[in-house]
Amino acid sequence: MKIRFGFEITVNCPEPVPMLLALSVHPSFAGRLIGSDYVRSSSSNPTSEYNDQFGNRITRTVAPYGSTTFWSDCVAEVDGIPDQPATYAVQHRIEDLPSETLNFLTASRYCDSDSLSNFAWQQFAQVPEGWPRVQAISTFVHNHVTFGYKFGRPDKTAVDVLGEKTGVCRDFAHLGVSLCRAMNIPARYCSGYLGDIGVPDTGFDDFCAWFEVYLGGQWHTVDARYNKPRIGRILMVRGTDASDVAMITSFGAYQLTGFRVWTTLQEDGVSDDQLLQELNVLPLFRGKVIDDYKPGL
């Protein structure tokens, strides 16, 4: 299965602004990439790339005065298998957890799990440990929170999501992560591409947030917004929460004037050479507009 994916983001700056862009596919992505997955810019200013403490690929650049468009266009070949529920994955005792997972047990900026401990234990203590408990948390968040772009805001924490019962996909993930951590299950925030593959077309494409839990000696995907296995996830970034993986971290003011994403299943039988000829080398504004998109996934 081949999926064409990419984005175009246009910013307008009143003066040159240094930026860090978390908009590239994660090095751990298991699929095959056709084309070049890197952030391009309509500016002549140079870009460079480094890996942060979570292994995410971060692009450094300075957006000049005026309008600049960043974009990427690539194809991923994936196995087409839906997310696999870890039905028999066991929960580890804290003393048995690998040291690298411990950072995903404690509260973070948007995942204030310390404030949710009492609620979590009252709600989920009677559910068997391991995957059944994680699934119960995902189902609770899915049923408790109403999705809508108008409900997104940059300062919203998991406690806010629980109380307000509304949010965007990052809020579903933050609440799920926080409840898992409150139950001593390591959980980390993820973001990437997730198109409408194998499900009804929603009418537009977007980046999506989900989370991963550590059970049975490995990390497993959980998506509280949809609460069912999906096909064709393309991971970009991981972190303790969205504060670690903001799409744009700017060191100065800018205005977001354009935002488009595409995640499109390609027809069978199309060769790699044909796909490469179709990929954008200039920002042609492919994809679909989200007029009420709120930044800060």
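Read-outs: derived from the displayed coordinates by stated rules, not from any lab. None of the values given here were measured: they were computed from a predicted structure. Every residue, glycine as well, gets a Cβ built from its backbone with ideal geometry; the counts of neighbours run over all protein chains shown.
At q = 0.09, 0.10, 0.11 Å⁻¹ the log10 of I(q)/I(0) for the chain amounts to -0.44, -0.54, -0.66, computed by Debye summation with a single uniform scatterer per C-alpha, solvent ignored. Once C-alpha pairs closer than 8 Å and six or more residues apart are averaged by separation and normalised to the residue number of the chain, the relative contact order reads 28 percent. Comparing PHE251, PHE211, PHE172 in a Gaussian network model of the chain, where Cα atoms under 10 Å apart are tied by springs, the biggest mean-square fluctuation is seen for PHE251. Fewest neighbouring Cβ atoms within 10 Å first, the residues ILE81, ILE58 line up as ILE81, ILE58.
Between rounded, prolate and oblate, where does the range 1-116 land on the alpha carbon gyration tensor, with a ≥ b ≥ c its root eigenvalues, rounded for a/c under 1.5, else prolate if a/b exceeds b/c? The shape class here is oblate. I'd like the distance between the alpha-carbon centres of the range 70-107 and the range 1-50, rounded to an integer number of Å. Here the two parts' Cα centres lie 23 Å apart.
Using the Cβ-Cβ distance between ILE81 and SER271 with R0 set to 22 Å, the FRET efficiency from 1/(1 + (r/R0)^6) comes to roughly 0.40. Which angle from 0 to 90°, rounded to the nearest 10, does the C-alpha axis of helix 131-144 make with the longest principal axis of the chain? Roughly 70 degrees between the two axes. State which entries of LYS2/LYS156; LYS2/LYS150; LYS150/LYS228 exceed 26 angstrom in Cα-Cα distance in the structure shown. In this structure, LYS2/LYS156; LYS2/LYS150 lie more than 26 Å apart at Cα.
Once the piece of chain linking GLN122 and LYS165 is laid out straight, how much longer is it, given 0.36 nm per residue of separation minus the C-alpha distance between them?
Gain in length upon complete extension: 13.6 nm.
Computed about its Cα centre, the charge dipole of the range 94-230 is approximately 260 debye, with only Lys, Arg, Asp and Glu carrying charge at their Cβ. Extension gain for ASP52 to ASN12 (0.36 nm times residue separation, less C-alpha to C-alpha distance): 11.8 nm.
Each 10 Å bin from zero holds the following percent of Cα-Cα pairs in the range 94-230: 13, 46, 32, 9, 0. Shape call for the range 210-280 from the C-alpha gyration tensor, a ≥ b ≥ c root eigenvalues: rounded (a/c under 1.5), prolate (a/b greater than b/c) or oblate? Judged from the Cα gyration tensor, the range 210-280 comes out oblate (a/c at least 1.5, b/c at or above a/b).
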